[in-house]
Amino acid sequence: METRPLGDTGHDSTVATFGAIALNWLEQEGANQLVEHVLDYGVNHFDVAPEYGDAELKLGPKLRQHREEIFLGCKTQERTYEGAWRKLDRSLNRLGVDTIDLYQVHGLEYEEELDAITDDDGALAAFREAKEEGLIDHVGLTSHGDPGLILDALDRIDDLESVMFPLNPVVAGKDDDEYDYEAVLARADERNVGTLGIKAFAGGTWPPTDELPEADRPFANWYRPVTAPDEISERFDFAAAQGLTSVVSAGDPKLVTMILEAAADYDGMDEAAQRSLIERVRHDDSPVPEQLHH
Amino acid sequence: MDVPRTVATALADRPVAGKRCLEAGAGAGNATAGLLANGAARVYAVTNDRDHARTTRRRVGDEGNRSSDGDGNDEGGDDHADRLAVLEADLRAVPLPDDAVDVITAHGLCNVLDPASLSAVAEELSRVAAPGAHLVVDDYDPVPDGAAIGELFAVENAASELSRGRPALTFYPAAFLRRFFAGHGWEFERERTLLEPVPWTESHVAAHADQAVDAAKEGPGETGDALAAAARRLESEIGSESVGRMYGLAFRLPD
């Protein structure tokens with residue numbers, strides 16, 4: 001599988017990252033098998049978080065067995081120094097490892113949170129100490145919030161080494177600044193910060209729960225994913241062709257093999273085909289009727 | 001509204017800022033939106049279809065009321081209505097004087113013009129274009145053999161021929177339009193592929209089926225009914241299909 005440099009970290013990540021939340025939906029034996037399956041494809045970058053149910057615990061055994069083959073990303077939603085230290089200790093414990101390769105501020109949404117984490121008493125102060133102590137190697141940030149906020153974070157956090165954010169043909173087709181994650185990608189590239197893409201496989205939102213109760217959703221994802229092999233493959237190709245370092249696999253284990261196949265087969269996507277995909281989802285989504293043309 | 005990537009790509013290397021522009025055949029106002037976003041001084045959106053005129057006014061003209069945070073992406077984002085004039089007129093008789101515009105777009109236009117109309121429209125576009133003007137022609141290569149969508153287009157054309165005496169759609173190859181506009185004095189500058197494959201989505205297929213049914217209703221009884229039924233059947237059989245190529249040509253009038 002193709003690898004790309006993750007910013008300045010010195011690590012070359014495979015173009016697919018395994019989103020280990022998928023393990024949460026499996027029993028331990030199935031989780032072990034899925035990790036072996038992912039490693040068989042050559043994937044070398046895993047991403048997990050304490051918020052993903054039992055995913056840390058279920059990743060643990062195979063992670064420890066294959067520790068040298070896996071570049072491990074983990075995260076914390078804590079914004080304070082104390083909180084971040086507590087969550088880091090807990091994750092190291094639950095994963096059963098001595099170090100985390102990439103520790104990320106998880107799900108930054110508001111400007112006040114950016115103020116909080118960059119404060120003397122903020123989470124990043126804990127990250128830096130942990131780095132000095134050798135408990136983590138690199139510092140990252142994840143957000144599906146406003147692109148402007150991520151740009152601010154890139155400007156304000158000098159030692160940021162990776163950012164994780166949404167990128168797919170739905171958001172690429174929208175011009176408003178609130179969807180301009182391409183600007184984030186460009187800024188991160190300028191700064192030589194690694195880029196990890198999420199929501200590559202999002203097809204749309206789930207219907208309201210009075211129409212489709214949560215228990216009746218056929219997939220465990222936050223969003224309604226595309227599910228056909230062709231669609232998965234073109235979505236992967238699109239995300240990878242934007243120039244992301246790596247595309248994070250979807251959260252439902254039923255989709256993982258298709259994504260791994262797409263990643264293994266990836267050999268670029270020309271621009272006319274990228275536009276074709278943007279145009280298709282734009283029309284699927286469009287409130288304007290009777291368009292004969294593109 | 002969001003400017004489609006097709007339009008953004010077609011206009012990317014054209015000097016639009018500060019220019020007087022004409023969107024020939026406004027449709028849903030897609031090229032108009034792109035011209036305004038790229039800083040056109042004025043855009044005349046010309047269409048002979050009242051619904052299209054209304055759609056363009058609503059989608060593009062009303063844009064001005066939306067707030068812009070002034071990052072420079074959406075130049076003049078709050079004065080779209082001031083720079084836009086939607087004109088309901090036949091493109092064979094554009095209500096503008098000679099040499100009135102610097103940039104003309106024909107985005108998805110030529111395929112709805114039969115050869116006779118295409119000639120008349122080309123004459124007229126050349127008349128209103130100022131010396132040195134730019135012309136952007138975006139259209140579709142003929143649908144490849146065996147494409148399901150081709151059957152729907154055939155039914156749409158048959159219904160239109162029977163009821164109106166002309167085809168609804170004519171897909172001119174890029175090389176054809178290149179030479180055709182050269183014959184009208186336009187110097188060819190470049191060709192690029194805008195879409196490949198072309199995503200004919202369910203909404204496109206439904207819109208073309210509707211057009212076929214409308215034309216069929218005007219046609220002779222039994223044949224018209226049969227064509228309308230065929231259009232509906234094809235609509236549900238095809239669903240959506242990605243096939244063919246949309247190209248973008250750019251020309252310039254000599255100074």
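Things to note:
- Interface area, chains B and A: about 2600 Å² of buried accessible surface, summed, with a 1.4 Å probe and ligands, DNA and RNA left out.
- Dipole of the protein assembly as shown, positive direction: furthest Cα of A:Leu160, B:Leu194, B:Leu22, with charges on the beta-carbon: B:Leu22
- With R₀ set to 35 Å, the beta-carbon distance separating A:Glu182 from A:Glu214 gives a calculated FRET efficiency near 0.65.
- The 3J(HN,Hα) values that the Karplus relation (6.51, -1.76, 1.60; θ = phi - 60°) gives for region A:165-174 are, in residue order, 7, x, 7, 7, x, 5, 6, 5, x, 9 Hz. Gly and Pro appear as x.
- Computed from Cα atoms alone, the Kirkwood hydrodynamic radius reported for region B:113-219 is 15.7 Å.
- Charged-residue dipole, Cβ positions (Lys, Arg, Asp, Glu), region A:3-285 about Cα centre, Debye nearest 20: 820 debye
- From the C-alpha gyration tensor of region A:86-171, square roots of 5λ in Å: 23, 16, 11
- If you take the alpha carbon atoms of region A:3-285 and fit the smallest convex hull around them, that volume is 128 Å³ per residue.
- DSSP bridge analysis restricted to region A:3-285 gives an antiparallel fraction near 20%, rounded to the nearest 5.
- Percentage of interatomic Cα-Cα distances in the protein assembly as shown larger than 35 Å: 45 percent
- Checking every one of the GluC sites (Glu not before Pro) in region A:30-93 against DSSP loop status and a limit of 15 other Cβ atoms within 10 Å picks out A:Glu51.
- For the protein assembly as shown, the solvent-accessible area of protein heavy atoms averages 41 Å² per residue (probe radius 1.4 Å; ligands and nucleic acids excluded).
- Counting only protein heavy atoms and a probe of 1.4 Å, the accessible surface of chain A is 44% carbon and sulfur.
- Region B:159-220 - Debye-derived log10 I(q)/I(0), Cα point model, q = 0.16, 0.23, 0.30 Å⁻¹: -0.78, -0.94, -1.17
- Simple rule: put +1 on each Lys or Arg Cβ and -1 on each Asp or Glu Cβ in the protein assembly as shown, find the dipole, and look at A:Gly96, B:Ala206, A:Thr3; the Cα lying farthest toward the positive end is B:Ala206.
- Region B:195-255 and region B:84-157: distance between their alpha carbon centers, rounded to Å: 17 Å
- Considering only the Cα atoms of chain B, their convex hull presents on average a projected area of 13.3 nm².
The values are calculated or read from the model by the stated rules, or taken from the named source; none is laboratory data. Since we're looking at a predicted model, the values are computed, not measured. Cβ atoms come from the backbone with ideal geometry, glycine included; neighbour counts cover every protein chain shown. To get the accessible areas, we keep the full protein, side chains included, count just its heavy atoms, and leave off ligands, DNA and RNA. Shrake-Rupley method; radii C 1.70, N 1.55, O 1.52, S 1.80 Å.
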